[in-house]
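Engineer: One structure, pasted below without further comment.
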Amino acid sequence: MMKILITGGAGFIGSHVVRKFVKTYPSYTIYNLDALTYAGNLENLKDIDALPNYEFIKGDIANEEFITRLFKDYVFDGVVHLAAESHVDRSISDPMAFVKTNVIGTVNLLNGFKNIWQGNFNDKRFYHVSTDEVYGSLGADGLFTETTPYDPNSPYSASKASSDHFVRAYGETYGMPYVITNCSNNYGPYHFPEKLIPLFINNIIEKKPLPVYGDGKYTRDWLFVEDHANAIDLVFHKGSNHETYNIGGFNEWQNIDLVKLLCDIMDQKLSRPVGSSQALISYVKDRPGHDLRYAIDASKINKELGWKPSVTFEEGLDKTVDWYLSNEEWLNNVTSGDYQEYYKNMYK
Ligand code: NAD
Ligand code: DAU
(Lines give C-alpha, C1' and ligand atoms only; values in the text may rest on other atoms or scores of the structure.)
(Ligands and ions follow the chains in the order given, each with its own letter.)
Protein backbone atom coordinates (compact mmCIF):
# COMPACT_ATOMS: atom_id res chain seq x y z
CA MET A 1 0.00 0.00 0.00
CA MET A 2 1.40 3.37 -1.00
CA LYS A 3 0.70 6.04 1.59
CA ILE A 4 0.08 9.39 -0.06
CA LEU A 5 -0.38 12.61 1.88
CA ILE A 6 -2.50 15.21 0.10
CA THR A 7 -2.53 18.60 1.85
CA GLY A 8 -5.39 21.06 1.44
CA GLY A 9 -7.71 18.30 0.26
CA ALA A 10 -10.80 19.94 1.75
CA GLY A 11 -10.33 23.02 -0.46
CA PHE A 12 -11.41 23.65 -4.02
CA ILE A 13 -8.71 21.98 -6.15
CA GLY A 14 -7.57 19.65 -3.37
CA SER A 15 -11.01 18.03 -3.10
CA HIS A 16 -10.93 17.18 -6.81
CA VAL A 17 -7.40 15.76 -6.46
CA VAL A 18 -8.36 13.67 -3.41
CA ARG A 19 -11.44 12.33 -5.22
CA LYS A 20 -9.37 11.48 -8.32
CA PHE A 21 -6.66 9.65 -6.33
CA VAL A 22 -9.04 7.81 -3.97
CA LYS A 23 -11.17 6.54 -6.86
CA THR A 24 -8.37 5.78 -9.32
CA TYR A 25 -5.93 4.09 -6.94
CA PRO A 26 -7.68 1.69 -4.53
CA SER A 27 -4.24 0.27 -3.68
CA TYR A 28 -3.09 3.64 -2.26
CA THR A 29 -4.18 5.03 1.06
CA ILE A 30 -4.91 8.72 0.67
CA TYR A 31 -4.45 10.88 3.76
CA ASN A 32 -6.05 14.30 3.45
CA LEU A 33 -4.40 16.80 5.81
CA ASP A 34 -6.33 20.04 6.14
CA ALA A 35 -6.67 22.74 8.81
CA LEU A 36 -10.28 23.45 7.71
CA THR A 37 -9.81 27.19 7.44
CA TYR A 38 -12.68 29.25 6.01
CA ALA A 39 -11.75 27.70 2.61
CA GLY A 40 -11.74 24.08 3.76
CA ASN A 41 -14.99 22.15 3.77
CA LEU A 42 -15.48 18.43 4.32
CA GLU A 43 -18.80 18.69 2.49
CA ASN A 44 -16.66 18.84 -0.66
CA LEU A 45 -15.74 15.18 -0.12
CA LYS A 46 -18.87 13.61 1.26
CA ASP A 47 -19.27 11.34 -1.80
CA ILE A 48 -15.94 9.59 -1.10
CA ASP A 49 -15.26 9.98 2.61
CA ALA A 50 -16.52 6.49 3.52
CA LEU A 51 -14.21 4.71 1.06
CA PRO A 52 -11.72 2.40 2.80
CA ASN A 53 -8.58 3.95 1.24
CA TYR A 54 -9.35 7.48 2.50
CA GLU A 55 -8.51 9.10 5.83
CA PHE A 56 -8.95 12.71 6.94
CA ILE A 57 -6.46 14.33 9.33
CA LYS A 58 -7.19 17.76 10.77
CA GLY A 59 -4.06 19.83 11.33
CA ASP A 60 -2.06 22.95 10.52
CA ILE A 61 0.98 22.62 8.24
CA ALA A 62 2.49 25.70 9.92
CA ASN A 63 2.72 23.77 13.22
CA GLU A 64 6.24 22.33 13.11
CA GLU A 65 5.84 19.98 16.07
CA PHE A 66 2.62 18.52 14.70
CA ILE A 67 4.08 18.00 11.21
CA THR A 68 7.25 16.36 12.55
CA ARG A 69 5.14 13.91 14.58
CA LEU A 70 2.77 13.23 11.68
CA PHE A 71 5.56 12.21 9.27
CA LYS A 72 7.17 9.98 11.93
CA ASP A 73 3.85 8.28 12.66
CA TYR A 74 2.66 7.73 9.09
CA VAL A 75 5.88 7.52 7.00
CA PHE A 76 4.30 8.81 3.77
CA ASP A 77 5.68 7.55 0.43
CA GLY A 78 4.58 10.63 -1.42
CA VAL A 79 3.21 14.11 -0.80
CA VAL A 80 0.92 16.16 -3.03
CA HIS A 81 0.99 19.61 -1.47
CA LEU A 82 -1.91 21.95 -2.17
CA ALA A 83 -2.66 23.50 1.24
CA ALA A 84 -2.30 27.24 0.98
CA GLU A 85 -3.85 30.59 1.60
CA SER A 86 -4.97 31.15 -1.98
CA HIS A 87 -6.82 34.45 -2.38
CA VAL A 88 -4.88 37.48 -3.64
CA ASP A 89 -7.24 40.03 -2.03
CA ARG A 90 -6.85 38.41 1.40
CA SER A 91 -3.04 38.47 0.97
CA ILE A 92 -3.22 42.23 0.56
CA SER A 93 -4.97 42.69 3.92
CA ASP A 94 -3.12 39.93 5.83
CA PRO A 95 0.25 39.00 4.25
CA MET A 96 1.54 37.21 7.36
CA ALA A 97 -1.11 34.48 7.14
CA PHE A 98 0.34 33.71 3.69
CA VAL A 99 3.92 33.58 4.98
CA LYS A 100 2.88 31.20 7.77
CA THR A 101 0.95 28.69 5.66
CA ASN A 102 2.54 29.02 2.23
CA VAL A 103 6.19 29.46 3.23
CA ILE A 104 6.64 28.03 6.75
CA GLY A 105 4.03 25.32 6.16
CA THR A 106 5.80 24.18 2.98
CA VAL A 107 9.20 24.10 4.68
CA ASN A 108 7.72 22.06 7.56
CA LEU A 109 6.43 19.49 5.05
CA LEU A 110 9.77 19.38 3.22
CA ASN A 111 11.56 18.77 6.53
CA GLY A 112 9.08 16.09 7.55
CA PHE A 113 9.60 14.26 4.25
CA LYS A 114 13.40 14.70 4.28
CA ASN A 115 13.74 13.47 7.84
CA ILE A 116 11.79 10.24 7.43
CA TRP A 117 13.66 9.15 4.28
CA GLN A 118 17.16 10.40 5.27
CA GLY A 119 18.40 10.53 1.67
CA ASN A 120 16.97 7.08 0.72
CA PHE A 121 14.32 8.52 -1.53
CA ASN A 122 13.82 5.53 -3.90
CA ASP A 123 10.45 5.90 -5.67
CA LYS A 124 9.42 8.66 -3.28
CA ARG A 125 8.13 12.00 -4.50
CA PHE A 126 7.25 15.46 -3.18
CA TYR A 127 4.79 17.20 -5.51
CA HIS A 128 4.35 20.92 -4.99
CA VAL A 129 1.28 22.56 -6.54
CA SER A 130 2.01 26.14 -7.51
CA THR A 131 0.60 28.93 -9.61
CA ASP A 132 1.35 30.94 -12.75
CA GLU A 133 1.19 34.10 -10.61
CA VAL A 134 4.84 33.56 -9.57
CA TYR A 135 5.83 34.77 -13.07
CA GLY A 136 4.25 38.18 -12.49
CA SER A 137 2.33 39.89 -15.27
CA LEU A 138 2.44 39.64 -19.06
CA GLY A 139 1.88 42.57 -21.39
CA ALA A 140 -0.39 42.23 -24.41
CA ASP A 141 1.76 39.46 -25.96
CA GLY A 142 3.70 36.37 -24.96
CA LEU A 143 3.13 33.35 -22.73
CA PHE A 144 4.62 32.08 -19.46
CA THR A 145 6.99 29.17 -20.05
CA GLU A 146 8.82 27.06 -17.44
CA THR A 147 11.88 29.30 -17.89
CA THR A 148 10.11 32.66 -17.45
CA PRO A 149 11.89 34.44 -14.56
CA TYR A 150 9.94 34.71 -11.31
CA ASP A 151 8.55 38.21 -10.73
CA PRO A 152 5.73 37.99 -8.16
CA ASN A 153 3.66 41.12 -7.48
CA SER A 154 1.26 40.25 -4.63
CA PRO A 155 1.99 38.92 -1.14
CA TYR A 156 0.18 35.73 -2.27
CA SER A 157 2.37 35.20 -5.33
CA ALA A 158 5.51 36.18 -3.39
CA SER A 159 4.71 33.51 -0.79
CA LYS A 160 4.08 30.89 -3.50
CA ALA A 161 7.31 31.88 -5.29
CA SER A 162 9.19 31.53 -2.01
CA SER A 163 7.73 28.07 -1.41
CA ASP A 164 8.65 27.00 -4.98
CA HIS A 165 12.25 28.10 -4.34
CA PHE A 166 12.38 26.07 -1.12
CA VAL A 167 11.15 22.96 -2.91
CA ARG A 168 13.75 23.36 -5.64
CA ALA A 169 16.46 24.03 -3.03
CA TYR A 170 15.59 20.82 -1.14
CA GLY A 171 15.96 18.96 -4.44
CA GLU A 172 19.40 20.45 -5.06
CA THR A 173 20.71 20.32 -1.50
CA TYR A 174 19.24 17.09 -0.13
CA GLY A 175 18.54 15.21 -3.38
CA MET A 176 14.83 15.22 -2.61
CA PRO A 177 12.81 14.02 -5.65
CA TYR A 178 10.29 16.75 -6.41
CA VAL A 179 8.03 18.03 -9.16
CA ILE A 180 6.42 21.47 -9.30
CA THR A 181 3.50 22.52 -11.47
CA ASN A 182 2.47 26.11 -12.11
CA CYS A 183 -1.15 26.31 -13.15
CA SER A 184 -3.42 29.05 -14.45
CA ASN A 185 -6.84 30.06 -13.03
CA ASN A 186 -9.10 27.11 -12.22
CA TYR A 187 -12.90 27.12 -12.16
CA GLY A 188 -15.54 24.48 -11.46
CA PRO A 189 -17.61 22.90 -8.67
CA TYR A 190 -16.69 23.56 -5.00
CA HIS A 191 -14.92 26.86 -5.83
CA PHE A 192 -15.23 29.18 -2.84
CA PRO A 193 -17.34 32.24 -3.73
CA GLU A 194 -14.63 34.79 -2.97
CA LYS A 195 -13.06 34.14 -6.42
CA LEU A 196 -14.40 35.78 -9.59
CA ILE A 197 -16.55 33.04 -11.18
CA PRO A 198 -18.31 31.58 -8.11
CA LEU A 199 -18.67 35.03 -6.51
CA PHE A 200 -20.43 36.33 -9.59
CA ILE A 201 -22.62 33.21 -9.93
CA ASN A 202 -23.73 33.68 -6.33
CA ASN A 203 -24.33 37.42 -6.78
CA ILE A 204 -26.36 36.84 -9.94
CA ILE A 205 -28.53 34.29 -8.11
CA GLU A 206 -29.04 36.87 -5.35
CA LYS A 207 -29.43 39.78 -7.81
CA LYS A 208 -26.52 41.62 -6.14
CA PRO A 209 -24.05 43.96 -7.94
CA LEU A 210 -21.17 42.28 -9.82
CA PRO A 211 -18.00 44.15 -8.68
CA VAL A 212 -15.64 44.28 -11.69
CA TYR A 213 -12.22 45.63 -10.68
CA GLY A 214 -10.82 48.59 -12.65
CA ASP A 215 -11.73 48.67 -16.32
CA GLY A 216 -12.37 44.90 -16.49
CA LYS A 217 -9.69 44.45 -19.14
CA TYR A 218 -7.49 42.16 -17.05
CA THR A 219 -6.90 38.78 -18.67
CA ARG A 220 -6.79 35.29 -17.16
CA ASP A 221 -6.33 31.83 -18.69
CA TRP A 222 -9.12 29.58 -17.36
CA LEU A 223 -8.91 25.81 -16.83
CA PHE A 224 -11.66 23.43 -15.66
CA VAL A 225 -10.61 22.07 -12.26
CA GLU A 226 -11.00 18.38 -13.19
CA ASP A 227 -8.48 18.92 -15.98
CA HIS A 228 -6.05 20.30 -13.40
CA ALA A 229 -6.64 17.23 -11.22
CA ASN A 230 -5.97 14.99 -14.27
CA ALA A 231 -2.72 16.85 -14.91
CA ILE A 232 -1.65 16.45 -11.26
CA ASP A 233 -2.32 12.70 -11.43
CA LEU A 234 -0.25 12.45 -14.62
CA VAL A 235 2.68 14.53 -13.38
CA PHE A 236 2.73 12.74 -10.02
CA HIS A 237 3.07 9.38 -11.77
CA LYS A 238 4.90 10.20 -15.00
CA GLY A 239 6.60 13.58 -14.59
CA SER A 240 10.40 13.74 -14.37
CA ASN A 241 12.04 14.50 -11.05
CA HIS A 242 13.41 17.99 -10.49
CA GLU A 243 11.22 19.35 -13.29
CA THR A 244 8.51 21.95 -13.41
CA TYR A 245 5.52 21.86 -15.74
CA ASN A 246 3.19 24.70 -16.66
CA ILE A 247 -0.52 23.81 -16.83
CA GLY A 248 -3.05 26.03 -18.57
CA GLY A 249 -6.30 26.07 -20.44
CA PHE A 250 -5.20 27.66 -23.75
CA ASN A 251 -8.19 29.82 -22.88
CA GLU A 252 -7.62 33.52 -22.32
CA TRP A 253 -10.49 35.82 -21.41
CA GLN A 254 -10.66 39.48 -20.49
CA ASN A 255 -12.63 39.65 -17.23
CA ILE A 256 -15.40 41.78 -18.66
CA ASP A 257 -15.99 39.42 -21.61
CA LEU A 258 -16.06 36.43 -19.29
CA VAL A 259 -18.49 38.20 -16.94
CA LYS A 260 -20.81 39.07 -19.83
CA LEU A 261 -20.78 35.46 -21.06
CA LEU A 262 -21.53 34.22 -17.55
CA CYS A 263 -24.38 36.73 -17.23
CA ASP A 264 -25.93 35.48 -20.47
CA ILE A 265 -25.66 31.83 -19.41
CA MET A 266 -27.23 32.66 -16.03
CA ASP A 267 -30.12 34.60 -17.60
CA GLN A 268 -30.89 31.59 -19.75
CA LYS A 269 -30.60 29.02 -16.94
CA LEU A 270 -32.64 31.12 -14.50
CA SER A 271 -35.23 32.00 -17.18
CA ARG A 272 -34.64 35.69 -16.60
CA PRO A 273 -35.02 38.35 -19.34
CA VAL A 274 -31.94 38.69 -21.58
CA GLY A 275 -29.65 41.41 -20.18
CA SER A 276 -30.92 41.30 -16.60
CA SER A 277 -27.66 39.92 -15.17
CA GLN A 278 -25.46 42.25 -17.23
CA ALA A 279 -27.40 45.12 -15.67
CA LEU A 280 -25.84 44.10 -12.32
CA ILE A 281 -22.26 44.82 -13.55
CA SER A 282 -20.68 47.52 -11.42
CA TYR A 283 -17.11 48.81 -11.96
CA VAL A 284 -15.34 49.20 -8.62
CA LYS A 285 -11.95 50.30 -7.26
CA ASP A 286 -9.08 48.27 -8.70
CA ARG A 287 -7.07 45.64 -6.83
CA PRO A 288 -3.67 47.15 -5.82
CA GLY A 289 -0.79 45.64 -7.84
CA HIS A 290 -3.32 43.96 -10.14
CA ASP A 291 -1.53 41.75 -12.70
CA LEU A 292 -2.66 42.66 -16.21
CA ARG A 293 -2.46 39.31 -17.96
CA TYR A 294 -1.65 35.65 -17.30
CA ALA A 295 -1.35 33.11 -20.12
CA ILE A 296 0.34 29.74 -20.01
CA ASP A 297 2.39 27.94 -22.60
CA ALA A 298 1.45 24.36 -21.70
CA SER A 299 3.39 22.74 -24.56
CA LYS A 300 5.91 20.97 -22.29
CA ILE A 301 3.29 18.92 -20.40
CA ASN A 302 1.47 18.36 -23.67
CA LYS A 303 4.53 17.09 -25.58
CA GLU A 304 6.20 15.14 -22.76
CA LEU A 305 3.16 13.66 -21.01
CA GLY A 306 0.35 14.01 -23.55
CA TRP A 307 -1.87 16.16 -21.29
CA LYS A 308 -4.43 18.56 -22.69
CA PRO A 309 -7.71 19.96 -21.36
CA SER A 310 -10.62 17.59 -21.91
CA VAL A 311 -13.46 20.11 -21.87
CA THR A 312 -13.98 23.36 -23.76
CA PHE A 313 -14.63 26.52 -21.78
CA GLU A 314 -18.25 26.56 -22.89
CA GLU A 315 -18.75 22.99 -21.62
CA GLY A 316 -16.86 23.64 -18.38
CA LEU A 317 -18.74 26.83 -17.62
CA ASP A 318 -22.05 25.18 -18.38
CA LYS A 319 -21.26 22.29 -16.00
CA THR A 320 -20.08 24.75 -13.35
CA VAL A 321 -23.21 26.89 -13.48
CA ASP A 322 -25.41 23.76 -13.38
CA TRP A 323 -23.48 22.52 -10.35
CA TYR A 324 -23.99 25.78 -8.41
CA LEU A 325 -27.66 25.92 -9.32
CA SER A 326 -28.25 22.39 -8.10
CA ASN A 327 -26.13 22.76 -4.94
CA GLU A 328 -27.89 25.67 -3.32
CA GLU A 329 -27.44 24.19 0.16
CA TRP A 330 -23.63 24.05 -0.28
CA LEU A 331 -23.64 27.66 -1.48
CA ASN A 332 -25.88 28.81 1.38
CA ASN A 333 -23.69 27.05 3.95
CA VAL A 334 -20.43 28.60 2.74
CA THR A 335 -21.87 32.09 2.35
CA SER A 336 -23.35 32.31 5.84
CA GLY A 337 -21.45 33.43 8.95
CA ASP A 338 -17.88 34.75 8.41
CA TYR A 339 -18.41 35.14 4.67
CA GLN A 340 -20.90 37.97 5.26
CA GLU A 341 -18.35 39.88 7.33
CA TYR A 342 -15.61 39.30 4.70
CA TYR A 343 -17.93 40.49 1.93
CA LYS A 344 -18.93 43.65 3.82
CA ASN A 345 -15.29 44.65 4.43
CA MET A 346 -14.03 43.70 0.98
CA TYR A 347 -16.72 45.37 -1.11
CA LYS A 348 -17.63 48.38 1.06
P1 NAD B 1 -8.45 26.85 -1.44
O2 NAD B 1 -8.24 28.13 -0.73
O3 NAD B 1 -9.77 26.53 -2.03
O4 NAD B 1 -8.08 25.63 -0.47
C5 NAD B 1 -6.97 25.66 0.37
C6 NAD B 1 -7.11 24.52 1.36
O7 NAD B 1 -5.93 24.54 2.20
C8 NAD B 1 -8.31 24.67 2.28
O9 NAD B 1 -8.97 23.42 2.42
C10 NAD B 1 -7.72 25.10 3.61
O11 NAD B 1 -8.47 24.68 4.74
C12 NAD B 1 -6.35 24.44 3.57
N13 NAD B 1 -5.36 25.14 4.40
C14 NAD B 1 -5.12 26.48 4.43
N15 NAD B 1 -4.17 26.74 5.36
C16 NAD B 1 -3.80 25.55 5.88
C17 NAD B 1 -2.85 25.18 6.88
N18 NAD B 1 -2.11 26.10 7.52
N19 NAD B 1 -2.72 23.87 7.18
C20 NAD B 1 -3.47 22.93 6.54
N21 NAD B 1 -4.40 23.24 5.61
C22 NAD B 1 -4.56 24.53 5.28
O23 NAD B 1 -7.30 26.79 -2.55
P24 NAD B 1 -7.33 26.21 -4.04
O25 NAD B 1 -7.85 27.25 -4.93
O26 NAD B 1 -7.93 24.89 -4.01
O27 NAD B 1 -5.76 26.09 -4.32
C28 NAD B 1 -5.06 24.92 -3.93
C29 NAD B 1 -3.60 25.07 -4.35
O30 NAD B 1 -3.51 25.27 -5.75
C31 NAD B 1 -2.91 26.26 -3.69
O32 NAD B 1 -1.60 25.87 -3.37
C33 NAD B 1 -2.92 27.33 -4.78
O34 NAD B 1 -1.82 28.19 -4.63
C35 NAD B 1 -2.80 26.47 -6.02
N36 NAD B 1 -3.39 27.04 -7.24
C37 NAD B 1 -4.69 27.48 -7.25
C38 NAD B 1 -5.24 27.95 -8.45
C39 NAD B 1 -6.68 28.42 -8.52
O40 NAD B 1 -7.10 28.93 -9.56
N41 NAD B 1 -7.49 28.26 -7.48
C42 NAD B 1 -4.48 27.96 -9.61
C43 NAD B 1 -3.15 27.51 -9.56
C44 NAD B 1 -2.63 27.04 -8.38
O1 DAU C 1 -3.60 32.27 -11.82
C2 DAU C 1 -3.77 31.35 -10.78
C3 DAU C 1 -4.39 32.03 -9.59
O4 DAU C 1 -5.74 32.31 -9.93
C5 DAU C 1 -4.32 31.20 -8.32
O6 DAU C 1 -2.97 31.03 -7.95
C7 DAU C 1 -5.08 31.89 -7.17
O8 DAU C 1 -5.09 31.05 -6.05
C9 DAU C 1 -6.50 32.15 -7.64
O10 DAU C 1 -7.20 32.84 -6.64
C11 DAU C 1 -6.51 32.94 -8.95
O12 DAU C 1 -6.05 34.29 -8.73
P13 DAU C 1 -6.76 35.56 -9.41
O14 DAU C 1 -6.45 36.74 -8.62
O15 DAU C 1 -6.48 35.60 -10.88
O16 DAU C 1 -8.31 35.08 -9.23
P17 DAU C 1 -9.63 35.89 -8.79
O18 DAU C 1 -10.77 34.97 -9.04
O19 DAU C 1 -9.48 36.49 -7.46
O20 DAU C 1 -9.70 37.07 -9.85
C21 DAU C 1 -9.76 36.80 -11.26
C22 DAU C 1 -9.79 38.15 -11.96
O23 DAU C 1 -11.04 38.80 -11.66
C24 DAU C 1 -8.71 39.11 -11.50
O25 DAU C 1 -8.28 39.90 -12.61
C26 DAU C 1 -9.41 39.99 -10.47
C27 DAU C 1 -10.83 40.05 -11.00
N28 DAU C 1 -11.89 40.21 -9.98
C29 DAU C 1 -11.91 39.34 -8.92
C30 DAU C 1 -12.86 39.44 -7.92
C31 DAU C 1 -12.84 38.51 -6.74
C32 DAU C 1 -12.87 41.19 -10.10
O33 DAU C 1 -12.87 41.97 -11.08
N34 DAU C 1 -13.81 41.30 -9.11
C35 DAU C 1 -13.84 40.48 -8.03
O36 DAU C 1 -14.74 40.65 -7.15
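The values are calculated or read from the model by the stated rules, or taken from the named source; none is laboratory data. Please read all numbers here as calculations on a predicted model, not as lab measurements. As a convention, Cβ positions derive from the backbone with ideal geometry for all residues, glycine included, and neighbour counts pool all protein chains shown. We work out accessible area using only protein heavy atoms, side chains counted, and drop any ligands, DNA or RNA first. Shrake-Rupley method; radii C 1.70, N 1.55, O 1.52, S 1.80 Å.
Engineer: Is it possible to state the helix-based mean residue ellipticity at 222 nm for the chain, with each DSSP H run of 4+ residues giving -39500 (n - 2.57), the sum divided by total residues, to the nearest 500 deg cm²/dmol? What is it?
Structural biologist: Working: 13 runs with 143 residues, N = 348.
One gets -12500 deg cm²/dmol as the mean residue ellipticity at 222 nm.
Engineer: On to the next question. For the chain, set up a GNM with springs between Cα atoms under 10 Å and report which of Ala62, Ala50, Ala97 has the largest fluctuation.
Structural biologist: Maximum fluctuation in the GNM of the chain, among the listed residues, is at Ala50.
Engineer: Follow-up question, since we're still on this one. Helix 12-24 against the longest principal axis of the chain: what's the angle in degrees, Cα atoms only, rounded to the nearest 10?
Structural biologist: Computed tilt is about 50 degrees.
Engineer: So what is the relative contact order of segment 182-331, in percent, for Cα pairs below 8 Å that sit 6 or more residues apart?
Structural biologist: Values: 209 pairs, mean separation 53.6, N = 150.
Dividing the mean separation by the residue count of segment 182-331 yields 36 percent.
Engineer: Net charge near Ala39, counting Lys/Arg +1 and Asp/Glu -1 over other residues with Cβ under 12 Å of its Cβ?
Structural biologist: Details: positive: Arg90, Lys195; negative: Asp34, Glu85, Glu194, Asp338.
Local charge sum for Ala39: -2.
Engineer: Quick check: with the 1.4 Å probe, what order do His290, His242, His87 take by accessible area, largest first? Before the final figure, lay out the partial values.
Structural biologist: Values: His290 30, His242 70, His87 5 Å².
The residues order as His242, His290, His87, largest area first.
Engineer: Using the eigenvalues of the Cα gyration tensor, what equivalent ellipsoid semi-axes result for the chain when each is taken as the square root of five times the eigenvalue, whole Å, largest first? It would help to have the intermediate numbers written out before the result.
Structural biologist: On the way: eigenvalues 214, 96, 76 Å².
Semi-axes from the Cα gyration tensor: 33, 22, 19 Å.
Engineer: Could you give the dipole magnitude of segment 1-133 about its Cα centre, charging the beta-carbon of Lys and Arg +1 and that of Asp and Glu -1, in debye to the nearest 20?
Structural biologist: My answer is approximately 400 debye.
Engineer: Top mean-square fluctuation among Ile281, Ile247, Ile13, Gaussian network model of the chain, C-alpha springs under 10 Å?
Structural biologist: Its mean-square fluctuation being the largest, the pick is Ile281.
Engineer: For Arg293, Arg287, what's the largest-to-smallest order of accessible area, 1.4 Å probe? Display every interim value, and only then the final one.
Structural biologist: On the way: Arg293 20, Arg287 45 Å².
Solvent-accessible surface, decreasing: Arg287, Arg293.
Engineer: Same structure, new question: What is the percent carbon and sulfur in the accessible area of the chain, measuring with a 1.4 Å probe over the protein chains and ignoring ligands?
Structural biologist: Values: 7410 of 14690 Å².
So the carbon and sulfur contribution to the accessible surface is 50 percent.
Engineer: Moving to a separate point now. Using +1 at the C-beta of Lys and Arg and -1 at the C-beta of Asp and Glu, which of Ala231, Tyr218, Val284 has the Cα lying farthest in the positive direction of the dipole of segment 176-322?
Structural biologist: Val284
Engineer: Heads up, I need the accessible area for Cys263: 1.4 angstrom probe, whole protein in place, Å², nearest 10.
Structural biologist: Roughly 0 Å² of Cys263 is accessible to a 1.4 Å probe.
Engineer: While we're looking at this one, here's another question. Compute the length gained on full extension between Ile281 and Thr312: take 0.36 nm times their separation in residues and subtract their Cα-Cα distance, giving the result in nm to one decimal.
Structural biologist: Numbers: separation 31, 0.36 × 31 = 11.16 nm, distance 2.52 nm.
Stretched fully, the Ile281-Thr312 segment lengthens by 8.6 nm.
Engineer: Also, quick follow-up: Give the accessible surface of segment 1-145 per residue, rounded to a whole number of Å², with probe radius 1.4 Å and ligands, DNA and RNA excluded.
Structural biologist: Working: 5910 Å² over 145 residues.
That works out to 41 Å² for each residue.
Engineer: So which lysines pass the test for Lys319, namely a Cα distance under 16 Å, with those fewer than 8 places away in the same chain ruled out?
Structural biologist: Straight-distance partners of Lys319: Lys269.
Engineer: Still on this model: Report the extension gain between Leu292 and Thr173 in nm, rounded to one decimal, defined as 0.36 nm multiplied by the number of residues separating them, less their alpha carbon distance. Numbers along the way, then the final one.
Structural biologist: Numbers: separation 119, 0.36 × 119 = 42.84 nm, distance 3.55 nm.
Gain in length upon complete extension: 39.3 nm.
Engineer: Next question. Starting from the 7 Å offset along Cα-to-Cβ, what nm value, one decimal, do you get for the label separation of Glu43 and Asp73?
Structural biologist: Result: 2.8 nm between the two label points.
Engineer: Continuing with the same structure: Give the calculated FRET efficiency between Tyr213 and Ser93 to the nearest 0.05, with a Förster radius of 22 Å applied to their Cβ-Cβ distance. Provide the component values of the computation, followed by the final result.
Structural biologist: On the way: r = 15 Å, r/R0 = 0.69.
Here the calculated transfer efficiency is 0.90.
Engineer: In the Gaussian network model of the chain, springs joining C-alpha atoms below 10 Å, which of Asp49, Asp60, Asp123 carries the largest mean-square fluctuation?
Structural biologist: Checking each option, the largest mean-square fluctuation is seen for Asp123.
Engineer: Still on this structure, I have one more. Could you work out the relative contact order of segment 1-88, using alpha carbon pairs under 8 angstrom and six or more residues apart, expressed as a whole percent?
Structural biologist: It comes to 40 percent, rounded to a whole number.
Engineer: OK, next. What's the FRET efficiency of Lys303 with Leu51 using the Cβ-Cβ distance as r and R₀ = 51 Å, to the nearest 0.05?
Structural biologist: Working: r = 35 Å, r/R0 = 0.68.
With a Förster radius of 51 Å, E is 0.90.
Engineer: Could you rank the peptides 306-313, 251-258, 323-330 by their average count of other C-beta atoms within 10 Å per residue, with the highest value first? Could you put the intermediate results ahead of the total?
Structural biologist: Numbers: 306-313: 15.6, 251-258: 17.6, 323-330: 14.1.
Averaged packing, sorted descending, gives the order 251-258, 306-313, 323-330.
Engineer: For the chain, what does the relative contact order come out to in percent, with C-alpha contacts under 8 Å and a separation of six or more?
Structural biologist: Computed value for the chain: 17 percent relative contact order.
Engineer: To the nearest Å, what is the center-to-center distance of segment 129-164 and segment 1-76, using C-alpha atoms only?
Structural biologist: When both Cα centres are located, 27 Å separates them.
Engineer: How high is the FRET efficiency from Leu36 to Asp141, r the C-beta distance, R0 30 Å, rounded to 0.05? Please report the intermediate quantities before stating the final value.
Structural biologist: Working: r = 42 Å, r/R0 = 1.40.
FRET efficiency, Leu36 to Asp141: 0.10.
Engineer: Stretch Glu65-Tyr150 to full length: gain in nm at 0.36 nm per residue minus the Cα-Cα span? Present the calculation step by step, with values, prior to reporting the outcome.
Structural biologist: Working: separation 85, 0.36 × 85 = 30.60 nm, distance 3.14 nm.
Contour length minus Cα-Cα distance gives 27.5 nm.
Engineer: Okay, moving on. Once you have the alpha carbon radius of gyration of segment 248-348, what is it after dividing by 2.2 N^0.38 Å, with N set to its residue count? Write out the running numbers ahead of the final one.
Structural biologist: Working: Rg = 17.2 Å, N = 101, 2.2 N^0.38 = 12.7 Å.
Normalised Rg, Cα atoms only: 1.35.
Engineer: Cross-link list Lys124/Lys238; Lys208/Lys348; Lys3/Lys300: which exceed 18 angstrom alpha carbon to alpha carbon? Kindly include the intermediate steps, with their values, before the conclusion.
Structural biologist: Numbers: Lys124/Lys238 13 Å; Lys208/Lys348 13 Å; Lys3/Lys300 29 Å.
Violating the 18 Å limit, Cα to Cα: Lys3/Lys300.
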